[in-house]
Amino acid sequence: YIVDEYLKPYAVFDHNMDMAYIDNAEITTEFEEAIANEELEVYYQPIVDSVTGKIMSAEALIRWIHPKKGFISPGIFVPKLEEDGSISKLDRYVFQKVRAYIRGRYEKGLEVVPVSMNLSWMDFYDETLIEEIIDFLEHAEFPSRLIRFEITETSYAALEENVGNVLNKIKEKGAWILLDDFGSGYSSFNMLQKFSFDILKIDMSFTREIEANSRARKLIPLIIEAAHALDARTVAEGAETKEQVEFLKEHGCDYIQGYYFYRPMKKDEFSEKLDQNS
Ligand code: C2E
Ligand code: MG
Ligand code: MG
Ligand code: MG
């Protein structure tokens, strides 16, 4: 019953399972067990240099393989965990796994690249998680530049000042902050005005329009230019075609994340890619 998520990118059910099932509260109660039972696994999606194609970093993305329901997309369960306040448990788990992974390779002297993990706006309410992150960066078992944090504008909007302070502390300790899903919300440019992000991730909704929409082709270079003017680098999310990749490269987008190069993968497979990277 473990379904290939790439064939069926969203929730997968038993035949007698109703679609409504996914919407009820069971997700959040089952989530605790899922952590205990190791049904949750961190996948890694490489992010490449747009010119050389070399892996420069990766994003940690959670995968939940439910014993009965199969693959449940984080696009479905992350918002549910945010609603009931348990998302920081997930993010703490991801943080621990990512740290252990990087440390393992770093200590063996193997090739490592920075890995970014997603922080939910809810995480900023969890003081112990934030303390854990800062404490870790102070006593890091490896250079703190090897771990990065992605936030969306929702985090900022929810708790403006406090988030800025936390992010500044994280940056002072040497970890980069990425602005995720840029352009998909309501106040993206306002975010750029408020905080000095290290990397801006151009939302997939732009990338996938490159071939069909001349407005996207006008906007993307301007987003890249704005980022560079603010000393931020750019990652384009969701590149799937050669045309998209060529366009992004031509317009100076620094890095690319997308199925054209790599899908999110298990850590062992990611390690193999890193071993071939140098
Ligand atoms: P995100 O942070 O914007 O992550 C990028 C999403 O784009 C991932 O979806 C990734 O699999 C997908 N993606 C990358 N390249 C392509 C492509 O070429 N084509 C297409 N169609 N998709 C591509 P995923 O893994 O399903 O995650 C969805 C969202 O769930 C994430 O969006 C993030 O907001 C959230 N999420 C995932 N893992 C975590 C986590 O550990 N913690 C938190 N708080 N949120 C997470
Ligand atoms: Mg992200
Ligand atoms: Mg994103
Ligand atoms: Mg997203």
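Which cross-chain or sequence-distant (5 or more) residues have an amide H under 5 Å from the amide H of residue 71, H modelled 1.01 Å from N in plane?
Sorted by chain and number, the residues that satisfy this are 3, 12, 66.
If you take the beta carbon distance between residue 226 and residue 269 as r and set R0 to 35 Å, what does 1/(1 + (r/R0)^6) give as a FRET efficiency, to the nearest 0.05?
The value I calculate is 0.50.
Can you work out the FRET efficiency for the pair residue 194 and residue 259, with r the C-beta to C-beta distance and R0 = 35 Å, to the nearest 0.05?
0.60
Would you grab the residues whose amide H sits under 5 Å from the one on residue 152? Only those 5+ places off in sequence or on another chain, please, with H modelled 1.01 Å from N.
Placed amide hydrogens put 180 under 5 Å from residue 152.
What residues qualify as long-range amide H neighbours of residue 236, i.e. H under 5 Å apart, gap of 5 or more or another chain, H built at 1.01 Å from N?
202, 255, 256, 257
What's the Kirkwood radius of segment 171-278 in Å, using all Cα pairs?
14.8 Å
Report the charge-dipole magnitude of segment 20-171 in Debye, nearest 20, computed about the Cα centre from +1 at each Lys and Arg Cβ and -1 at each Asp and Glu Cβ.
So the dipole magnitude of segment 20-171 works out to roughly 780 debye.
With point charges of +1 on the Cβ of Lys and Arg and -1 on the Cβ of Asp and Glu, referenced to the Cα centre of segment 21-86, which listed residue (78, 57, 67) lies farthest in the positive direction of the dipole?
57
What percentages, rounded to whole numbers, describe P(r) for segment 76-121 computed over all alpha carbon pairs with 5 Å bin width beginning at zero?
All Cα pairs, binned at 5 Å, distribute as 5, 20, 24, 16, 13, 10, 7, 4, 0 percent.
Among the listed pairs 54/249; 80/194; 54/267; 54/218; 54/201, which are separated by more than 20 Å between their Cα atoms?
80/194; 54/218
Spelling out what I want: for every residue of segment 184-195, take phi, set θ = phi - 60°, compute 6.51 cos²θ - 1.76 cosθ + 1.60 (Karplus), and round to whole Hz; glycine and proline get x.
8, x, 9, 10, 3, 5, 4, 4, 5, 6, 8, 9
With θ set to phi - 60°, apply the Karplus curve 6.51 cos²θ - 1.76 cosθ + 1.60 along segment 264-277 and write out the HN-Hα couplings as whole Hz, x wherever there is a Gly or Pro.
For segment 264-277, the Karplus-derived couplings read x, 9, 5, 5, 5, 5, 4, 4, 4, 5, 5, 4, 8, 7 Hz, x marking Gly and Pro.
Dipole magnitude of the chain about its Cα centre, charges +1 at Lys/Arg Cβ and -1 at Asp/Glu Cβ only, in debye to the nearest 20?
That gives the chain a dipole magnitude of about 860 debye.
Relative contact order for the chain: what percent, with Cα pairs under 8 Å and sequence separation of 6 or more?
Once divided by the residue count of the chain, the mean separation gives 19 percent.
Spelling out what I want: for every residue of segment 209-214, take phi, set θ = phi - 60°, compute 6.51 cos²θ - 1.76 cosθ + 1.60 (Karplus), and round to whole Hz; glycine and proline get x.
My calculation for segment 209-214 gives 9, 3, 6, 8, 10, 5 Hz in order.
Using a cut-off of 11 Å between beta-carbons, work out the net charge of the residues near residue 206 (Lys and Arg +1, Asp and Glu -1, residue 206 not included).
Cβ neighbours under 11 Å give a net charge of +1.
Decide, for segment 100-223, between rounded, prolate and oblate: order the square roots of the alpha carbon gyration tensor eigenvalues as a ≥ b ≥ c, take rounded if a/c falls under 1.5, and otherwise choose prolate if a/b is larger than b/c, else oblate.
Taking the square roots of the gyration eigenvalues as a ≥ b ≥ c, segment 100-223 is oblate.
Among residues other than residue 243 whose Cβ falls under 12 Å from its Cβ, what is the net charge (Lys/Arg +1, Asp/Glu -1)?
Overall, the nearby charge balance is -1.
Here, each number is a calculation from the coordinates, and none is a lab measurement. Just so you know, these numbers come straight off a predicted model, no measurement behind them. Using ideal geometry, Cβ is built from the backbone for each residue, glycine included, and neighbour counts are taken over all protein chains shown.
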